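Here's a structure for you.
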Amino acid sequence: MLAKLRPLMATAAAAAAAAAKPAPALSFSTAAAEGDEHAHYNHTDACHHLRWTAKESYEYMYARPWSRVVDFYAELVRTGAGAAGLADLFGKDENGYSLDTNGEDYTAPSENQTSTKSSKDRGGRWERVTFKIVLSYHGGSFDGWQKQPGLNTVQGLVEKHLGQFVDEKKAKQLEARSLPLEGCAVVAGRTDKGVTALQQKHLNKKDVKSSDIKDAINKAAPDKLRPLHVSQVSREFHPNFAAKWRRYLYIFPLDEDVKLISGEEQSAKTVEGPECNIKPQSFDVGKVDKIIRQLEGKSLSYKMFARDTQASRSVGPPTECFMFHSRAAVAKLHTADENCEEGTTRAICIELVANRFLRKMVRVLVATAIREAAAGAEEDALLNLMEATCRRATAPPAPPDGLCLVDVGYEDFNRQRCFIVD
(Lines give C-alpha, C1' and ligand atoms only; values in the text may rest on other atoms or scores of the structure.)
Protein backbone atom coordinates (compact mmCIF):
# COMPACT_ATOMS: atom_id res chain seq x y z
CA MET A 1 0.00 0.00 0.00
CA LEU A 2 1.42 3.35 -0.98
CA ALA A 3 2.07 5.67 1.91
CA LYS A 4 0.32 9.04 1.97
CA LEU A 5 2.84 11.85 2.30
CA ARG A 6 2.10 14.66 4.74
CA PRO A 7 3.85 18.01 5.27
CA LEU A 8 6.97 17.63 7.38
CA MET A 9 6.31 18.82 10.91
CA ALA A 10 8.88 19.92 13.48
CA THR A 11 8.71 17.71 16.55
CA ALA A 12 11.02 19.58 18.90
CA ALA A 13 9.87 22.54 20.95
CA ALA A 14 11.11 25.87 19.63
CA ALA A 15 13.76 27.65 21.67
CA ALA A 16 13.59 31.30 22.68
CA ALA A 17 14.06 33.61 19.68
CA ALA A 18 17.62 34.75 19.05
CA ALA A 19 18.47 38.35 19.86
CA ALA A 20 17.62 40.75 17.04
CA LYS A 21 20.56 41.51 14.76
CA PRO A 22 21.05 44.29 12.22
CA ALA A 23 20.83 43.35 8.57
CA PRO A 24 24.19 42.02 7.32
CA ALA A 25 26.33 44.13 5.05
CA LEU A 26 25.59 42.20 1.89
CA SER A 27 24.60 43.06 -1.65
CA PHE A 28 23.98 40.95 -4.73
CA SER A 29 25.41 41.64 -8.14
CA THR A 30 24.04 40.00 -11.28
CA ALA A 31 27.03 41.12 -13.30
CA ALA A 32 28.87 37.83 -13.52
CA ALA A 33 31.72 37.29 -15.92
CA GLU A 34 30.67 35.89 -19.28
CA GLY A 35 30.79 32.10 -19.21
CA ASP A 36 31.13 32.02 -15.38
CA GLU A 37 28.95 29.24 -13.96
CA HIS A 38 29.02 30.72 -10.45
CA ALA A 39 27.48 34.18 -10.07
CA HIS A 40 29.24 36.10 -7.29
CA TYR A 41 27.51 37.67 -4.29
CA ASN A 42 29.10 40.98 -3.31
CA HIS A 43 29.75 40.83 0.41
CA THR A 44 30.60 44.26 1.84
CA ASP A 45 31.91 43.44 5.32
CA ALA A 46 35.49 44.00 6.48
CA CYS A 47 36.79 40.63 5.24
CA HIS A 48 34.99 40.54 1.91
CA HIS A 49 38.27 40.72 -0.05
CA LEU A 50 39.47 37.51 1.67
CA ARG A 51 36.27 35.54 1.13
CA TRP A 52 36.27 32.89 -1.60
CA THR A 53 33.91 33.38 -4.50
CA ALA A 54 31.41 30.62 -5.27
CA LYS A 55 33.74 29.19 -7.89
CA GLU A 56 36.79 29.33 -5.59
CA SER A 57 34.85 27.70 -2.77
CA TYR A 58 33.62 24.93 -5.07
CA GLU A 59 37.13 24.24 -6.37
CA TYR A 60 38.62 24.21 -2.87
CA MET A 61 36.00 21.77 -1.59
CA TYR A 62 36.31 19.30 -4.44
CA ALA A 63 40.13 19.34 -4.47
CA ARG A 64 40.32 17.39 -1.19
CA PRO A 65 41.37 13.69 -1.04
CA TRP A 66 37.77 12.44 -0.90
CA SER A 67 38.62 8.85 -1.81
CA ARG A 68 39.93 8.31 1.72
CA VAL A 69 36.64 9.40 3.26
CA VAL A 70 34.69 7.26 0.79
CA ASP A 71 36.83 4.24 1.71
CA PHE A 72 36.33 4.93 5.41
CA TYR A 73 32.53 4.98 5.07
CA ALA A 74 32.59 1.91 2.84
CA GLU A 75 34.41 -0.06 5.52
CA LEU A 76 31.87 0.98 8.17
CA VAL A 77 29.03 -0.30 5.98
CA ARG A 78 30.84 -3.50 5.01
CA THR A 79 31.49 -4.44 8.64
CA GLY A 80 27.99 -3.43 9.78
CA ALA A 81 29.46 -1.30 12.56
CA GLY A 82 26.79 1.39 12.31
CA ALA A 83 27.18 4.50 14.48
CA ALA A 84 29.44 2.53 16.83
CA GLY A 85 32.09 2.51 14.09
CA LEU A 86 32.39 6.30 14.35
CA ALA A 87 32.86 6.31 18.11
CA ASP A 88 36.52 5.31 17.83
CA LEU A 89 37.26 8.51 15.86
CA PHE A 90 36.56 10.54 18.97
CA GLY A 91 37.87 8.20 21.63
CA LYS A 92 34.42 7.00 22.65
CA ASP A 93 33.40 3.57 23.87
CA GLU A 94 31.82 1.73 20.94
CA ASN A 95 29.51 -0.21 23.26
CA GLY A 96 27.69 3.01 24.09
CA TYR A 97 26.61 3.40 20.47
CA SER A 98 25.80 -0.20 19.57
CA LEU A 99 22.34 -1.39 18.57
CA ASP A 100 20.45 -3.54 21.01
CA THR A 101 19.75 -6.61 18.86
CA ASN A 102 17.68 -8.22 21.59
CA GLY A 103 14.89 -5.73 21.06
CA GLU A 104 14.36 -2.12 20.17
CA ASP A 105 17.56 -0.05 19.94
CA TYR A 106 17.96 3.13 21.98
CA THR A 107 16.33 5.32 19.30
CA ALA A 108 13.16 3.23 19.11
CA PRO A 109 9.90 4.61 20.51
CA SER A 110 8.00 2.88 23.26
CA GLU A 111 4.49 1.61 22.66
CA ASN A 112 3.08 4.57 24.60
CA GLN A 113 4.95 7.07 22.45
CA THR A 114 3.85 5.82 19.05
CA SER A 115 0.50 4.17 19.58
CA THR A 116 -2.65 5.89 20.75
CA LYS A 117 -5.06 3.01 20.20
CA SER A 118 -4.88 -0.68 19.53
CA SER A 119 -5.08 -1.95 15.94
CA LYS A 120 -5.59 -5.61 16.80
CA ASP A 121 -9.34 -5.45 16.31
CA ARG A 122 -9.19 -3.57 13.01
CA GLY A 123 -9.45 -5.12 9.58
CA GLY A 124 -8.13 -4.27 6.12
CA ARG A 125 -4.68 -2.68 6.04
CA TRP A 126 -4.57 -2.61 9.84
CA GLU A 127 -4.25 -6.40 9.86
CA ARG A 128 -0.77 -6.05 8.43
CA VAL A 129 2.33 -5.85 10.58
CA THR A 130 4.80 -2.95 10.59
CA PHE A 131 8.52 -3.57 10.79
CA LYS A 132 11.22 -1.07 11.54
CA ILE A 133 14.35 -1.78 9.52
CA VAL A 134 17.64 -0.14 10.50
CA LEU A 135 19.74 0.15 7.34
CA SER A 136 23.36 0.98 6.65
CA TYR A 137 24.36 1.79 3.08
CA HIS A 138 27.32 3.28 1.22
CA GLY A 139 26.34 6.50 -0.56
CA GLY A 140 28.93 6.21 -3.32
CA SER A 141 27.38 2.94 -4.51
CA PHE A 142 23.89 4.36 -5.12
CA ASP A 143 22.11 7.24 -6.84
CA GLY A 144 20.55 8.45 -3.61
CA TRP A 145 17.66 7.01 -1.59
CA GLN A 146 14.52 7.97 -3.51
CA LYS A 147 13.37 5.59 -6.24
CA GLN A 148 13.79 7.00 -9.75
CA PRO A 149 13.38 5.34 -13.16
CA GLY A 150 16.60 3.96 -14.59
CA LEU A 151 18.71 4.75 -11.50
CA ASN A 152 20.27 2.47 -8.90
CA THR A 153 18.66 3.84 -5.72
CA VAL A 154 18.46 2.39 -2.23
CA GLN A 155 14.67 2.60 -2.08
CA GLY A 156 14.30 0.91 -5.46
CA LEU A 157 16.58 -1.95 -4.47
CA VAL A 158 14.99 -2.47 -1.04
CA GLU A 159 11.43 -2.41 -2.34
CA LYS A 160 12.32 -4.83 -5.13
CA HIS A 161 13.63 -7.40 -2.66
CA LEU A 162 10.66 -6.86 -0.33
CA GLY A 163 8.28 -7.70 -3.16
CA GLN A 164 8.30 -11.37 -2.15
CA PHE A 165 6.46 -10.42 1.05
CA VAL A 166 3.56 -8.58 -0.63
CA ASP A 167 0.22 -10.21 0.24
CA GLU A 168 -1.99 -11.81 -2.42
CA LYS A 169 -4.51 -8.98 -2.50
CA LYS A 170 -1.86 -6.32 -3.05
CA ALA A 171 -0.10 -8.49 -5.64
CA LYS A 172 -3.30 -8.70 -7.70
CA GLN A 173 -3.74 -4.93 -7.52
CA LEU A 174 -0.21 -4.37 -8.78
CA GLU A 175 -0.66 -6.90 -11.56
CA ALA A 176 -3.94 -5.27 -12.67
CA ARG A 177 -2.13 -1.95 -12.98
CA SER A 178 0.87 -3.53 -14.78
CA LEU A 179 3.14 -2.50 -11.95
CA PRO A 180 6.14 -4.51 -10.68
CA LEU A 181 5.72 -6.67 -7.60
CA GLU A 182 7.44 -4.52 -4.98
CA GLY A 183 7.10 -3.74 -1.31
CA CYS A 184 6.60 -0.24 0.07
CA ALA A 185 9.20 1.46 2.27
CA VAL A 186 8.78 4.76 4.13
CA VAL A 187 12.06 6.34 5.17
CA ALA A 188 13.10 8.54 8.10
CA GLY A 189 15.13 10.88 5.88
CA ARG A 190 15.97 10.85 2.18
CA THR A 191 19.64 11.13 1.25
CA ASP A 192 21.16 12.49 -1.97
CA LYS A 193 23.53 10.65 -4.28
CA GLY A 194 26.86 9.98 -2.59
CA VAL A 195 25.56 10.42 0.98
CA THR A 196 26.12 7.49 3.34
CA ALA A 197 23.70 6.39 6.07
CA LEU A 198 24.67 4.20 9.02
CA GLN A 199 21.38 3.79 10.91
CA GLN A 200 18.59 4.80 8.54
CA LYS A 201 15.07 3.77 9.56
CA HIS A 202 12.14 2.73 7.41
CA LEU A 203 9.24 0.30 7.51
CA ASN A 204 7.61 -2.49 5.55
CA LYS A 205 4.07 -3.80 5.94
CA LYS A 206 3.38 -7.53 5.83
CA ASP A 207 2.89 -10.36 8.26
CA VAL A 208 6.33 -11.99 7.98
CA LYS A 209 9.25 -12.77 10.24
CA SER A 210 11.95 -10.21 10.95
CA SER A 211 14.64 -12.70 9.95
CA ASP A 212 13.03 -13.15 6.52
CA ILE A 213 13.18 -9.43 5.82
CA LYS A 214 16.78 -9.19 6.98
CA ASP A 215 17.87 -12.11 4.80
CA ALA A 216 16.13 -10.66 1.73
CA ILE A 217 17.81 -7.24 2.07
CA ASN A 218 21.20 -8.82 2.79
CA LYS A 219 21.10 -10.37 -0.68
CA ALA A 220 20.29 -7.10 -2.42
CA ALA A 221 23.77 -5.53 -2.50
CA PRO A 222 26.36 -7.32 -0.34
CA ASP A 223 28.90 -5.03 1.37
CA LYS A 224 27.05 -1.93 0.10
CA LEU A 225 23.69 -2.29 1.82
CA ARG A 226 23.23 -3.96 5.21
CA PRO A 227 20.20 -4.32 7.48
CA LEU A 228 21.54 -3.86 11.01
CA HIS A 229 18.32 -4.62 12.86
CA VAL A 230 14.73 -5.55 12.01
CA SER A 231 11.98 -5.38 14.63
CA GLN A 232 8.20 -5.26 14.76
CA VAL A 233 6.70 -1.95 15.96
CA SER A 234 3.20 -0.57 16.42
CA ARG A 235 1.12 -0.09 13.30
CA GLU A 236 0.88 3.67 13.89
CA PHE A 237 4.66 4.14 13.95
CA HIS A 238 6.01 6.37 11.17
CA PRO A 239 9.81 6.61 10.73
CA ASN A 240 9.69 10.22 9.56
CA PHE A 241 6.94 11.96 11.52
CA ALA A 242 7.69 10.11 14.77
CA ALA A 243 11.36 11.17 14.72
CA LYS A 244 12.40 13.83 17.23
CA TRP A 245 15.89 14.45 15.88
CA ARG A 246 18.36 13.51 13.15
CA ARG A 247 22.12 13.42 13.47
CA TYR A 248 24.56 14.08 10.63
CA LEU A 249 28.33 13.92 10.56
CA TYR A 250 30.40 15.58 7.87
CA ILE A 251 34.04 14.51 7.44
CA PHE A 252 36.18 17.02 5.56
CA PRO A 253 39.69 15.69 4.71
CA LEU A 254 42.60 18.07 5.19
CA ASP A 255 45.70 18.34 3.04
CA GLU A 256 48.62 16.46 4.52
CA ASP A 257 51.07 19.22 3.57
CA VAL A 258 48.96 22.14 4.80
CA LYS A 259 49.41 23.25 8.38
CA LEU A 260 46.30 24.39 10.24
CA ILE A 261 46.70 28.08 10.98
CA SER A 262 45.32 30.38 13.66
CA GLY A 263 43.85 33.80 13.07
CA GLU A 264 47.17 35.60 13.69
CA GLU A 265 49.09 33.32 11.34
CA GLN A 266 46.37 33.74 8.72
CA SER A 267 46.86 37.52 8.72
CA ALA A 268 50.54 37.02 7.95
CA LYS A 269 49.74 34.69 5.04
CA THR A 270 47.42 37.18 3.30
CA VAL A 271 47.92 40.67 1.94
CA GLU A 272 45.66 43.37 3.33
CA GLY A 273 43.57 45.54 1.04
CA PRO A 274 40.81 44.80 -1.43
CA GLU A 275 43.09 45.52 -4.36
CA CYS A 276 45.08 42.38 -3.62
CA ASN A 277 43.47 39.13 -4.73
CA ILE A 278 45.53 36.81 -2.54
CA LYS A 279 43.19 34.66 -0.50
CA PRO A 280 43.83 32.12 2.27
CA GLN A 281 44.17 28.48 1.29
CA SER A 282 43.58 27.04 4.75
CA PHE A 283 41.46 27.68 7.82
CA ASP A 284 41.44 27.38 11.58
CA VAL A 285 39.40 24.38 12.76
CA GLY A 286 38.84 26.10 16.09
CA LYS A 287 37.26 29.03 14.26
CA VAL A 288 34.93 26.70 12.38
CA ASP A 289 33.83 25.24 15.71
CA LYS A 290 33.13 28.69 17.15
CA ILE A 291 31.13 29.71 14.07
CA ILE A 292 29.08 26.52 13.94
CA ARG A 293 28.35 26.60 17.70
CA GLN A 294 26.38 29.83 17.29
CA LEU A 295 23.55 27.77 15.78
CA GLU A 296 23.16 25.56 18.84
CA GLY A 297 19.99 25.89 20.91
CA LYS A 298 18.22 28.16 18.43
CA SER A 299 15.21 27.79 16.16
CA LEU A 300 16.10 29.56 12.90
CA SER A 301 15.02 29.77 9.30
CA TYR A 302 17.63 28.03 7.15
CA LYS A 303 16.16 29.02 3.78
CA MET A 304 19.47 30.63 2.74
CA PHE A 305 21.22 27.30 3.37
CA ALA A 306 18.78 25.12 1.41
CA ARG A 307 18.99 24.15 -2.24
CA ASP A 308 16.56 22.76 -4.81
CA THR A 309 13.52 23.39 -2.62
CA GLN A 310 10.05 24.30 -3.86
CA ALA A 311 9.02 27.95 -3.82
CA SER A 312 6.24 27.16 -1.34
CA ARG A 313 8.85 25.97 1.17
CA SER A 314 11.15 29.00 0.89
CA VAL A 315 9.36 31.12 3.50
CA GLY A 316 7.72 30.65 6.86
CA PRO A 317 7.72 27.71 9.31
CA PRO A 318 8.65 25.05 6.67
CA THR A 319 12.20 26.48 6.65
CA GLU A 320 12.66 26.63 10.43
CA CYS A 321 14.83 24.06 12.18
CA PHE A 322 15.87 23.71 15.81
CA MET A 323 19.55 22.86 16.20
CA PHE A 324 20.15 20.72 19.30
CA HIS A 325 23.89 20.29 18.79
CA SER A 326 26.52 21.77 16.45
CA ARG A 327 30.23 21.17 16.98
CA ALA A 328 33.46 20.68 15.00
CA ALA A 329 36.71 18.90 15.88
CA VAL A 330 39.78 17.34 14.27
CA ALA A 331 39.98 13.55 13.94
CA LYS A 332 42.19 10.98 12.23
CA LEU A 333 40.83 8.51 9.69
CA HIS A 334 42.51 5.13 9.48
CA THR A 335 42.06 3.68 6.00
CA ALA A 336 43.64 1.10 3.71
CA ASP A 337 44.24 1.46 -0.04
CA GLU A 338 43.88 -1.15 -2.82
CA ASN A 339 47.19 -2.72 -1.79
CA CYS A 340 45.96 -3.08 1.80
CA GLU A 341 48.48 -0.49 2.94
CA GLU A 342 47.13 1.40 5.93
CA GLY A 343 47.26 5.15 6.14
CA THR A 344 46.06 8.02 8.32
CA THR A 345 44.25 11.12 7.12
CA ARG A 346 43.55 14.18 9.22
CA ALA A 347 40.05 15.56 8.87
CA ILE A 348 37.70 18.07 10.40
CA CYS A 349 34.47 16.47 11.57
CA ILE A 350 31.31 18.57 11.91
CA GLU A 351 28.47 17.05 13.93
CA LEU A 352 24.97 18.49 13.58
CA VAL A 353 21.80 17.35 15.37
CA ALA A 354 18.45 19.01 14.61
CA ASN A 355 14.76 18.19 14.65
CA ARG A 356 14.79 18.41 10.84
CA PHE A 357 17.02 19.42 7.94
CA LEU A 358 16.26 21.10 4.63
CA ARG A 359 17.57 19.72 1.36
CA LYS A 360 21.38 20.05 1.09
CA MET A 361 21.31 22.18 4.25
CA VAL A 362 24.15 20.35 6.02
CA ARG A 363 26.45 20.50 3.00
CA VAL A 364 25.86 24.24 2.53
CA LEU A 365 26.39 24.91 6.25
CA VAL A 366 29.70 23.04 6.20
CA ALA A 367 31.00 24.78 3.07
CA THR A 368 29.93 28.21 4.30
CA ALA A 369 31.38 27.75 7.80
CA ILE A 370 34.74 26.75 6.31
CA ARG A 371 34.65 29.66 3.87
CA GLU A 372 33.88 32.15 6.64
CA ALA A 373 36.60 30.73 8.90
CA ALA A 374 39.17 31.01 6.11
CA ALA A 375 38.19 34.63 5.50
CA GLY A 376 38.49 35.48 9.20
CA ALA A 377 34.83 36.42 9.61
CA GLU A 378 33.19 37.00 12.99
CA GLU A 379 31.74 34.11 14.98
CA ASP A 380 28.19 35.19 14.15
CA ALA A 381 28.82 34.96 10.39
CA LEU A 382 26.25 32.20 9.83
CA LEU A 383 23.64 34.03 11.89
CA ASN A 384 24.17 37.16 9.78
CA LEU A 385 23.75 35.19 6.58
CA MET A 386 20.32 34.05 7.76
CA GLU A 387 19.18 37.61 6.92
CA ALA A 388 20.52 37.56 3.37
CA THR A 389 18.12 38.00 0.46
CA CYS A 390 19.76 35.57 -1.96
CA ARG A 391 21.09 32.05 -1.54
CA ARG A 392 24.26 33.00 -3.41
CA ALA A 393 25.34 34.69 -0.17
CA THR A 394 26.15 31.20 1.12
CA ALA A 395 28.72 28.83 -0.39
CA PRO A 396 27.92 26.07 -2.90
CA PRO A 397 27.18 22.72 -1.21
CA ALA A 398 30.20 20.74 -0.04
CA PRO A 399 30.70 17.35 -1.81
CA PRO A 400 28.23 14.63 -0.77
CA ASP A 401 31.11 12.19 -0.20
CA GLY A 402 31.77 13.55 3.29
CA LEU A 403 28.20 13.50 4.54
CA CYS A 404 26.73 10.70 6.65
CA LEU A 405 23.30 10.33 8.23
CA VAL A 406 24.44 8.77 11.49
CA ASP A 407 21.10 7.98 13.13
CA VAL A 408 17.55 9.11 13.78
CA GLY A 409 16.10 9.47 17.28
CA TYR A 410 12.59 8.78 18.59
CA GLU A 411 13.31 9.66 22.20
CA ASP A 412 14.29 13.01 23.70
CA PHE A 413 17.70 14.26 22.58
CA ASN A 414 20.57 13.32 24.88
CA ARG A 415 23.75 15.35 24.33
CA GLN A 416 25.88 12.68 25.98
CA ARG A 417 25.30 10.44 22.98
CA CYS A 418 27.04 12.95 20.69
CA PHE A 419 30.56 12.33 19.49
CA ILE A 420 31.90 15.89 19.91
CA VAL A 421 31.22 17.19 23.41
CA ASP A 422 33.05 19.54 25.79
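Can you bin the range 129-233 into rounded, prolate or oblate? Criterion: square roots of the alpha carbon gyration tensor eigenvalues sorted a ≥ b ≥ c, rounded for a/c under 1.5, prolate for a/b above b/c, oblate for the rest.
Cα axes put the range 129-233 in the oblate bin.
Quickly work out the Lys193-to-Asp88 label distance, labels modelled 7 Å from Cα along the C-beta direction, and quote it in nm with one decimal.
3.2 nm
Can you work out the FRET efficiency for the pair Ser67 and Lys169, with r the C-beta to C-beta distance and R0 = 41 Å, to the nearest 0.05?
E(calc), rounded to 0.05, equals 0.30.
Excluding ligands, DNA and RNA, what is the solvent-accessible area per residue of the range 129-233 at a probe of 1.4 Å, expressed in Å²?
Here the per-residue accessible area is 44 Å².
Here's another thing I want to ask about it. Run the accessible area of the range 129-233 with a 1.4 Å probe and give the carbon-and-sulfur part as a rounded percent.
45 percent
Shifting gears a bit: How charged is the neighbourhood of Cys349? Take every other residue with its Cβ under 11 Å from the Cβ of Cys349, and add Lys/Arg as +1 and Asp/Glu as -1.
+1
Using the structure shown, select from Lys170/Lys224; Lys169/Lys219; Lys244/Lys332; Lys172/Lys224; Lys55/Lys303; Lys160/Lys244 the pairs with a Cα to Cα distance greater than 24 angstrom.
Cα-Cα > 24 Å for Lys170/Lys224; Lys169/Lys219; Lys244/Lys332; Lys172/Lys224; Lys160/Lys244; rest within.
Run the 1.4 Å probe and let me know the accessible area of Glu379, rounded to the nearest 10 Å².
Near enough 80 Å² of accessible area.
Using the beta-carbon distance between Gln232 and Asp380 and R0 = 45 Å, what value does 1/(1 + (r/R0)^6) give for FRET efficiency, to the nearest 0.05?
For Gln232 and Asp380, the calculated efficiency is 0.40.
If r is the Cβ-Cβ distance from Thr389 to Glu59 and R0 is 30 Å, what FRET efficiency results, to the nearest 0.05?
Numbers: r = 26 Å, r/R0 = 0.86.
Computed FRET efficiency for Thr389 and Glu59 comes out at 0.70.
Counting only other residues whose beta carbon sits under 11 Å from that of Tyr248, what net charge do I get with K and R as +1, D and E as -1?
+1
The values are calculated or read from the model by the stated rules, or taken from the named source; none is laboratory data. For clarity, every value in this text was computed on a predicted model and none was experimentally measured. Reconstructed Cβ throughout: ideal geometry from the backbone, glycine too, with neighbour counts over all protein chains shown. Side chains are part of the model used for accessible areas, which takes the heavy atoms of the whole protein and leaves out ligands, DNA and RNA. Shrake-Rupley method; radii C 1.70, N 1.55, O 1.52, S 1.80 Å.
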